[in-house]
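See structure below.
The values are calculated or read from the model by the stated rules, or taken from the named source; none is laboratory data. Just so it is clear, the model here is predicted, and its values are computed rather than measured. Using ideal geometry, Cβ is built from the backbone for each residue, glycine included, and neighbour counts are taken over all protein chains shown.
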C-alpha cells in the first residue's frame, strides 16, 4: 500500500508531529509489516503489527486533544483519561462528562473526522486487542495492512484539521 511506504510516512507532517517514542512505534510497525510481507510467512494472527501503531495512535490523540485544549496538561499526563470513552459517540447522555469529547471534536473538525477517529480507534485498537471465544478477532496480513493504512489516514486528517485551525 502506498500510504505504508516508510520513506513517505517519516516525512509527513502528522509523523513529525508525533513524540519521538511514537515515531519509533510507527516505524517499528511499518518495519514489521514490510518484513512479514517480504517473508510471505503465514502466521495465524498479525494483530501485533496493528497494535504497535495503535499505541502511537493513542499517544497522537492525547497530544492532539491537549493541543486543541480539550484536555489539560494534568489530564494528558495522568492515567485516568481514556480515549475509548472520550471519542465514543454512543456514550449514554447520563455518562457524558467533561472528558467526553466527541461532540467538541465534531464541532471543531467536523463530524466526518470525529467519526473517523472513533472508528479507527474501535477497529484498530479495541477490536484488535480483545479476544472473545465466538470472535477471537484474528487478522490476516492483508487486514493488518488495511488497519495500518486506516491509522495513517486518521492521523493525517486530524493533523490537517489542526493545521487549518492555526490559520
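Structure notes:
- All conditions in (1) at pLDDT below 90; (2) surrounded by fewer than 16 Cβ atoms within 10 Å (Cβ to Cβ); (3) within 19 Å of residue 45 (Cα to Cα) hold for residue 96, with the sole exception of (3).
- Residues that are assigned to a loop (DSSP other than H, G, I, E, B) and closer than 26 Å to residue 36 by Cα were ranked within the range 121-141; the one that is modelled with the lowest pLDDT is 131.
- Any hit, the range 31-39, residues being in contact (Cβ under 8 Å) with a residue 40 or more places away in the chain and not in a helix (DSSP H, G or I): no
- For the range 11-24, a residue qualifies if it is in contact with a helix residue (DSSP H, G or I) (Cβ under 7 Å, 6 or more places away or on another chain) and surrounded by 13 or more Cβ atoms within 10 Å (Cβ to Cβ), and the qualifying residues are 12, 14, 15, 17, 18, 19, 22, 23.
- Flag not set for residue 27, criterion: modelled with pLDDT of 90 or more, at positive phi and either out of contact with any helix residue (DSSP H, G or I) (no Cβ under 6 Å at 6 or more places or on another chain) or assigned to a helix (DSSP H, G or I) (or both).
- Being within 23 Å of residue 136 (Cβ to Cβ) and more than 15 Å from the chain's Cα centre (by Cα) holds for only one residue in 66, 32, and it is 32.
- Within the range 99-120, the set of residues being more than 19 Å from residue 165 (Cα to Cα), surrounded by 15 or more Cβ atoms within 10 Å (Cβ to Cβ) and modelled with pLDDT of 95 or more comprises 118, 120.
- Scope the range 28-49; condition surrounded by 13 or more Cβ atoms within 10 Å (Cβ to Cβ) and more than 26 Å from residue 130 (Cβ to Cβ); matching residues: 34
- Hits in the range 49-93 (condition: assigned to a loop (DSSP other than H, G, I, E, B), touching a helix residue (DSSP H, G or I) at 6+ places or on another chain (Cβ under 8 Å) and free of Cβ contacts under 8 Å to residues at least 40 places away in the same chain): 70, 71, 72, 81, 87, 88, 89, 91
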